[in-house]
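Peer 1: A single structure is presented below for examination.
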Amino acid sequence: MNFDVTPIIHRRNILYPRLEFRTGRLELILPIDTDETEILEKYHDWIIEKNTFIQEMLDLSATLSFENRTKDELIHLVKEFPETRKHDDVQIKFRKMNTKWASCSNNKTITINSLAQYLPAYHLKYILSHEFLHLTIRQHNTLFKDILLQQYPDMERLERELCGYWFKLNLSR
Ligand SMILES: [Zn+2]
């Protein structure tokens, strides 16, 4: 079988095959004694789909530029947002996170990934609105999305760009 994009293949002492794309290229990690051809055929469509997505994100990330902001400036900016002022009972924390831009916990604490210091203010504001909304709606349900969409009609673009920024920040080092 021919692949437009062949993943980099590693063999490890593991039970199940898995895929990673840390380097910006798809890497297939296989148990030592599996048949590579069989796996590649079984996951062919999925691999092509993932690769296309990665390529799109890398292309997009190349068009995005970072804000030159310090961590203190990030904290200041977040504090000044009207959304933050409105929720002055919510504690906002900053720390480096490996899997997401922000999170919201039950005890009224919102944690923001300190890497967000490089994001445009509008993207940052969007991330905060998303987390503040979690104070009342936990799930990403239709209502949740509708409310955000009213406030951010360009939400789909924002989500894509945030994904692009994630690629840019996490793959460029
Ligand atoms: Zn969420």
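Peer 1: Among the residues of segment 121-173, how many are open to solvent by 20 Å² or more (accessible area, probe 1.4 Å) and part of a helix (DSSP H, G or I)?
Peer 2: Total meeting the criteria: 24.
Peer 1: Could you tell me which residue of segment 91-106 is nearest to GLU156 (Cα to Cα), considering only residues that are open to solvent by 100 Å² or more (accessible area, probe 1.4 Å) and free of Cβ contacts under 8 Å to residues at least 12 places away in the same chain?
Peer 2: The qualifying residue nearest to GLU156 (Cα to Cα) is THR99.
Peer 1: Let me ask another. Among the numbered criteria (1) open to solvent by 60 Å² or more (accessible area, probe 1.4 Å); (2) in the same structural domain as ARG160 (by TED's automatic domain parsing), which one does THR84 miss?
Peer 2: Tallying (1) open to solvent by 60 Å² or more (accessible area, probe 1.4 Å); (2) in the same structural domain as ARG160 (by TED's automatic domain parsing), THR84 fails exactly one: (1).
Peer 1: Still on this structure, I have one more. Find the residue count for segment 121-135, including only residues that are of a type in the set (A, V, I, L, M), within 11 Å of the ligand (Cβ to nearest atom) and in contact with a Ser or Thr (Cβ under 9 Å, 6 or more places away or on another chain).
Peer 2: So the count comes out to 0.
Peer 1: Limited to segment 50-65, what total is found for residues that are surrounded by 12 or more Cβ atoms within 10 Å (Cβ to Cβ) and of a type in the set (Val, Ile, Thr)?
Peer 2: Residues of segment 50-65 surrounded by 12 or more Cβ atoms within 10 Å (Cβ to Cβ): 50-58, 60-61, 64.
If we keep only those that are of a type in the set (Val, Ile, Thr) too, we end up with 52, 54.
Residues in segment 50-65 being surrounded by 12 or more Cβ atoms within 10 Å (Cβ to Cβ) and of a type in the set (Val, Ile, Thr): 2 in total.
So that you can scan it fast, the table gives a plain yes or no per residue for (1) part of a loop (DSSP other than H, G, I, E, B); (2) loosely packed, with under 14 Cβ neighbours inside 10 Å; (3) in contact with a Lys or Arg (Cβ under 7 Å, 6 or more places away or on another chain):
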residue	(1), (2), (3)
THR6	yes, yes, no
LEU15	yes, yes, no
LEU40	no, no, no
ILE48	no, no, no
GLU67	yes, no, no
GLU73	no, yes, no
ASP89	yes, yes, yes
THR111	no, no, yes
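Yes or no, residue by residue, for (1) aromatic (Phe, Trp, Tyr); (2) in contact with a strand residue (DSSP E or B) (Cβ under 9 Å, 6 or more places away or on another chain):
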residue	(1), (2)
ALA102	no, yes
THR109	no, yes
ASN141	no, no
TYR152	yes, no
ARG157	no, no
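The values are calculated or read from the model by the stated rules, or taken from the named source; none is laboratory data. Given the structure is predicted, the values throughout are model-derived calculations rather than measurements. Reconstructed Cβ throughout: ideal geometry from the backbone, glycine too, with neighbour counts over all protein chains shown. Protein only, heavy atoms only, side chains kept; ligands, DNA and RNA dropped before computing areas. Shrake-Rupley method; radii C 1.70, N 1.55, O 1.52, S 1.80 Å.
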